[in-house]
Amino acid sequence: MAKVKFYGYGQCSTCKKAQKFLESKRIEFENIPIVERPPSPSDLKKMLGFLKGDLRKLFNTSGQLYREMGMSQKIATLSESEALQLLSKHGKLVKRPFVLSDKAGLVGFQEAEWKKVFS
């Protein structure tokens with residue numbers, strides 16, 4: 001499998017579990033701090049393809065910044081490009097872990113789903 005981009009947050013327990021999972025499977029990955037270096041609009045667009053165009057799945061809907069920005073009301077009115085621009089500027093708005101390769105894209109950590117992709 002090609003190089004895997006792993007966008008995570010050091011204080012996130014789910015990100016830590018996901019990272020351990022990748023290490024246990026001996027998957028080589030680039031560890032990218034999502035807050036300091038959010039995914040680019042092109043990476044977000046690529047992920048959106050794996051999520052069958054569901055923009056909502058890209059957002060960290062349980063995050064503090066999501067609530068502070070009132071995103072639950074705004075999300076329905078955002079165009080795709082507006083949403084991708086917003087996410088590319090605010091890593092805390094992005095659902096994490098955010099894992100992207102040429103063949104797959106995953107947000108959040110569901111071990112069964114990850115096993116299908118990384119087996």
(request) Filter region 79-100 for residues that are surrounded by fewer than 22 Cβ atoms within 10 Å (Cβ to Cβ) and of a type in the set (Lys, Arg) and give the result. (result) Lys89, Lys92
(message) I'm told Gln11 meets every condition in (1) assigned to a loop (DSSP other than H, G, I, E, B); (2) under 11 Å from the mean Cα position of the chain (by Cα) except one. Can you identify the failing condition by its number?
(response) (2)
(message) Tell me whether region 106-116 contains one or more residues that are surrounded by fewer than 16 Cβ atoms within 10 Å (Cβ to Cβ) and among the hydrophobic types (A, V, I, L, M, F, W, C).
(response) yes
(request) Taking Ser81 as the residue in question, decide whether it is polar (S, T, N, Q) and modelled with pLDDT of 95 or more. (result) yes
(message) Condition first: under 13 Å from the mean Cα position of the chain (by Cα), under 15 Å from Ala83 (Cβ atoms), assigned to a loop (DSSP other than H, G, I, E, B) and in contact (Cβ under 8 Å) with a residue 60 or more places away in the chain. Can you find one or more residues in region 30-47 that meet it?
(response) yes
(message) Residues that are over 25 Å from Ile27 (Cβ atoms) and in contact with a Phe, Trp or Tyr (Cβ under 8 Å, 6 or more places away or on another chain), at least 2 per element: which helices (runs of 4 or more DSSP H) completely within region 51-115 meet that?
(response) 71-74
(request) Within region 39-78, track down each residue that is polar (S, T, N, Q) and crowded, with 16+ Cβ neighbours inside 10 Å. (result) Asn60
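The values are calculated or read from the model by the stated rules, or taken from the named source; none is laboratory data. Every value quoted in this text rests on a predicted model; they were computed, and no experiment measured them. Reconstructed Cβ throughout: ideal geometry from the backbone, glycine too, with neighbour counts over all protein chains shown.
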